[in-house]
Amino acid sequence: MQQLALRWKSLGVKVGFVPTMGYLHAGHLSLVREARQRVGKRGVVVVSIYVNPTQFAPTEDLAKYPRDLKRDLKLCRAEGADVIFTPSDVEMYPGKAAGYYSTYVVEETLGRVMEGASRPTHFRGVTTVVAKLFNIVLPDVSVFGQKDFQQAAIIQRMVADLNFPVKIVIAPTHREADGLAMSSRNKFLDAEQRSQAVILSHALQAAKAAVAKKSISAAKLKSDLQAFFTAAPLGHLDYVEFFDPKTLQPVTQVKRGAQMALAVYFGKTRLIDNAQL
Ligand code: AMP
């Protein structure tokens, strides 16, 4: 893959890159379209499909994470992606099992809150694998989803801090008809959980409406939303936060333009969503 990328570089071919963990849905495909837009017909679009073990904690769903490479390849082809990069664990982390892998990329500020607080080793795995993928694919542009808002902010920070010569594009969240953000993990929801999962986007809408005309204290808005969640008894709120979209620092007073993010468990399935209010 890297040799191919070096060859593209020498020929002046622009490279657009969409890193994913596969089990693709319309949200992923919108990123592929965005990448194509950015590099044009003469550029190449690379999609990576790799379920990265270092971003899963031992207690998390690495083994169970949904996979369907055949279907993914079909979807990528139909969307006009040029190269699908599907490395194995041994290729990505050679020597890891034998203890010969010891270099990680750690962003030290933005990754401490929200997802980082709930999943302490998660972002270290994400920044490490994305840095590795950037060094392998050598993209000019890489597209990430707003669905993983904190992840996108951390990648942008990593790229700025470590001088990666890549432009990061953040694409909007693709949703099901009822508002549920598309996610590979939605397939784990049973019918009852699926119908209640719409509470995440409803909560974002409710908060948006609540701050449309006046600001509200974060504490009051949180307690209002906790009450709101009684409408989805199968959901267990992991966190809801209000913060500055640039710094990710929590705000005590929530006004229009603040970012809201939340994580909710339905059984063992953990769903996240976010929006600017
Ligand atoms: P994943 O396969 O979950 O690691 O996601 C790969 C990329 O797709 C990440 O940049 C995600 O933020 C993005 N993504 C996931 N779900 C959506 C969605 N519903 N809409 C837009 N982008 C998404």
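Each reported figure results from applying straightforward, stated rules to the coordinates on display, with no laboratory input. Not measured: the values here are computed from a predicted model. Neighbour counts are summed over all protein chains in view; Cβ atoms, including those assigned to glycine, are modelled from backbone coordinates with ideal geometry.
Between Q226 and R175, what FRET efficiency comes out of the Förster formula 1/(1 + (r/R0)^6) with R0 = 22 Å and r the beta carbon distance, rounded to 0.05?
Efficiency computed from Cβ-Cβ geometry: 0.40.
Can you give the local net charge around Q193? Use residues other than it whose beta-carbon is closer than 13 angstrom to its beta-carbon, Lys and Arg +1, Asp and Glu -1.
My count for the surroundings of Q193 gives +3.
Among residues other than P120 whose Cβ falls under 15 Å from its Cβ, what is the net charge (Lys/Arg +1, Asp/Glu -1)?
Counting the neighbours of P120, the net charge comes to -1.
Mind running the shape call on segment 184-276? Use the C-alpha gyration tensor, a ≥ b ≥ c as the square roots of the eigenvalues: rounded below 1.5 for a/c, prolate if a/b tops b/c, oblate otherwise.
prolate
Cut-off under 27 Å on the C-alpha distance; same-chain residues fewer than 8 positions from K167 excluded. Which lysines are left, in chain and number order?
Of all the lysines, those that pass the test against K167 - Cα under 27 Å, at least 8 places apart if same chain - are K9, K14, K41, K132, K147, K246.
With angles folded into 0 to 90 degrees, how steeply does helix 69-79 sit against the dominant principal axis of the chain? Use alpha carbons for both and round to 10.
Taking Cα atoms only, the helix is inclined about 90 degrees.
So how tilted is helix 2-11 from the main axis of the chain? Cα-based, degrees 0 to 90, rounded to 10.
Here the helix axis deviates by roughly 80 degrees.
Determine the distance separating the Cα centre of segment 105-134 from the Cα centre of segment 135-197; give it in Å without decimals.
14
Kindly express, to the nearest 10 degrees and within the range 0 to 90, the angle between helix 149-161's C-alpha long axis and the longest C-alpha principal axis of the chain.
50
Nearest 500 deg cm²/dmol is fine: what mean residue ellipticity at 222 nm does the chain get from its DSSP H runs of n ≥ 4 alone, each adding -39,500 (n - 2.57), divided by its residue count?
One gets -11000 deg cm²/dmol as the mean residue ellipticity at 222 nm.
Based on Cα positions only, what radius of gyration and what Dmax would you give for the chain, in angstroms?
Spelled out, the Cα radius of gyration and Dmax of the chain are 19.2, 59 Å.
Go through segment 95-138 and name the GluC sites (Glu not before Pro) that are in a DSSP coil and have 10 or fewer other Cβ atoms within 10 Å of their Cβ.
For GluC sites (Glu not before Pro) across segment 95-138 that sit outside H, G, I, E and B with at most 10 neighbouring Cβ atoms in 10 Å, the list reads E108.
If you take every residue apart from V211 with its C-beta less than 15 Å away from the C-beta of V211, what net charge results, scoring Lys and Arg +1 and Asp and Glu -1?
Taking every other residue near V211 into account, the sum is +4.
Amide H of F85 versus every other amide H placed in the peptide plane: which residues, excluding those fewer than 5 positions away on the same chain, fall under 5 Å?
Answer set, sorted by chain and number: V47, S48, I49.
Starting at the first residue of segment 88-105, write each ³J(HN,Hα) from the Karplus equation 6.51 cos²θ - 1.76 cosθ + 1.60 with θ = phi - 60°, in whole Hz, x for Gly and Pro.
9, 4, 5, 6, 6, 10, x, x, 4, 4, 8, x, 9, 10, 8, 10, 10, 9
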